[in-house]
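Chemist: One structure is given below, represented as structure tokens, and several questions about it will come after.
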Amino acid sequence: MIDLHTHTTASDGTDSPFALINKALSAGITTLAITDHDTTSGWSEAVQALRPPMSLVLGAEISTLTTEGISVHMLGLLFDGEDVEMQKMLAESRDTRMPRMRKMIELLAADGISITMEDVMAAAPDGATVGRPHLADALVANGVVATRDEAFIDLLHNDSKYYVTHAAPTPESAIDCIKRAGGVSVIAHPFASRRGETISADSFSSLVKAGLNGIEVNHRDHSADERKQLIEIADQLNLIKTGSSDYHGNGKLNALGENLTDPAQWERLESLANQRRVVKP
């Protein structure tokens with residue numbers, strides 16, 4: 001069982017890297033990727049927690065923005081965690097999140113929704129990449145909504161009047177950076193229209209030219225028709241097809257292993273990295 005997209009308290013997950021490893025082992029996952037938003041800070045703890053029979057793939061989910069202003073998430077896997085340019089790009093993305101969070105709080109407060117930056121920071125673990133899920137947790141704590149998922153249905157949806165983008169590299173720039181750091185790139189949930197505006201099918205050509213390696217096809221936010229279309233795009237462009245849970249822990253319905261990557265597809269993806277970086281216990 002291969003799950004290539006999960007989150008921990010290093011970003012917006014609710015399980016520590018140690019707890020995630022234990023839960024994945026209990027769920028029967030054999031290969032797990034840790035892909036926190038714009039950070040590699042959870043890698044060390046995850047490696048220390050690893051034990052047989054599971055293997056660990058180290059990565060990150062990188063925030064990007066198209067020139068048209070569409071948010072695209074790019075999974076970078078198996079890259080060199082000490083690569084200077086990669087760490088610079090991740091740090092710059094993290095730095096832009098705080099002004100964005102303050103602006104979203106201002107917009108909510110203007111409509112009488114009681115929330116403060118202090119509330120959000122109290123909901124975020126120390127050192128975590130601060131994001132909308134922490135704002136959602138603060139809204140839950142203040143009794144505005146019942147769950148994270150409820151917050152994202154309306155208040156924090158990409159099309160909400162409270163949504164604010166943050167500065168980020170283009171998808172092509174992120175792909176290039178991942179490649180130069182020796183890793184492989186997989187575009188995450190690209191047709192998840194329930195989240196807001198998505199890229200078009202025609203957009204994949206430029207991503208492939210930049211070096212894109214795969215598409216996350218099987219994801220809970222993709223409908224059957226969206227999955228079918230992505231399979232056709234992947235086959236046409238010779239891209240690897242993955243499936244993942246996008247597990248975050250409490251407050252979101254995503255369950256570990258609910259979508260998986262075929263072993264043959266994973267073997268092909270792993271072979272494209274410049275080194276064999278899968279961590280074995």
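Values in this text are rule-based calculations from the coordinates and carry no lab data. Please read all numbers here as calculations on a predicted model, not as lab measurements. When we count neighbours, we look across all protein chains shown, and the Cβ atoms used for this are built from the backbone with ideal geometry, even at glycine.
Chemist: When the chain is modelled as a GNM with alpha-carbon springs shorter than 10 Å, which of 264, 168, 151 fluctuates the most?
Modeler: Fluctuation is largest for 264.
Chemist: In whole Å, what are the Cα extents of region 43-152 along the three principal axes, biggest one first?
Modeler: Ordered largest first, region 43-152 gives principal extents of 48, 37, 21 Å.
Chemist: Here is a further query. Scan the chain and hand back the longest stretch that contains none of the GluC sites (Glu not before Pro) lying in DSSP loops with at most 10 other Cβ atoms within 10 Å.
Modeler: That would be 83-281.
Chemist: Another one. Which of these, 112, 196, 28, has the largest mean-square fluctuation under a Gaussian network model of the chain (Cα springs below 10 Å)?
Modeler: Checking each option, the largest mean-square fluctuation is seen for 112.
Chemist: Calculate the translational D of region 97-153 in whole µm² s⁻¹ from Stokes-Einstein, where the hydrodynamic radius comes from the Kirkwood formula applied to all Cα pairs, the temperature is 37 °C and the viscosity 0.692 mPa s.
Modeler: 294 µm²/s
Chemist: Hey, in the GNM for the chain with a 10 angstrom Cα cutoff, which one of 217, 208, 120 fluctuates hardest?
Modeler: Largest GNM mean-square fluctuation: 208.
Chemist: Run lengths n ≥ 4 of DSSP H only: what is the helix-derived mean residue ellipticity at 222 nm for the chain, with -39500 (n - 2.57) per run over all residues, to the nearest 500?
Modeler: -11000 deg cm²/dmol
Chemist: If amide H atoms are built 1.01 Å from N in the plane of the peptide, which residues on other chains or at least 5 residues away come under 5 Å of the amide H of residue 55?
Modeler: 31, 32
Chemist: Next question, about the same structure. For the chain, what are the DSSP H helices with axial Cα length of 18 Å or more and mean Kyte-Doolittle hydropathy of at least 1.0? Can you show the working numbers first?
Modeler: Values: long enough: 97-110 (20 Å, -0.08); 224-237 (20 Å, -0.66).
Qualifying helices: none.
Chemist: Using just the C-alpha positions of region 145-281 as equal point scatterers, what log10 of I(q)/I(0) does the Debye formula give at each q in 0.12, 0.16, 0.20 1/Å?
Modeler: The computed values of log10 I(q)/I(0) come out as -0.55, -0.97, -1.36.
Chemist: Continuing with this model, one more query. Can you give the three extents of the C-alpha atoms in the chain along their principal axes, from longest to shortest, in whole Å?
Modeler: Result, largest extent first: 52, 42, 38 Å.
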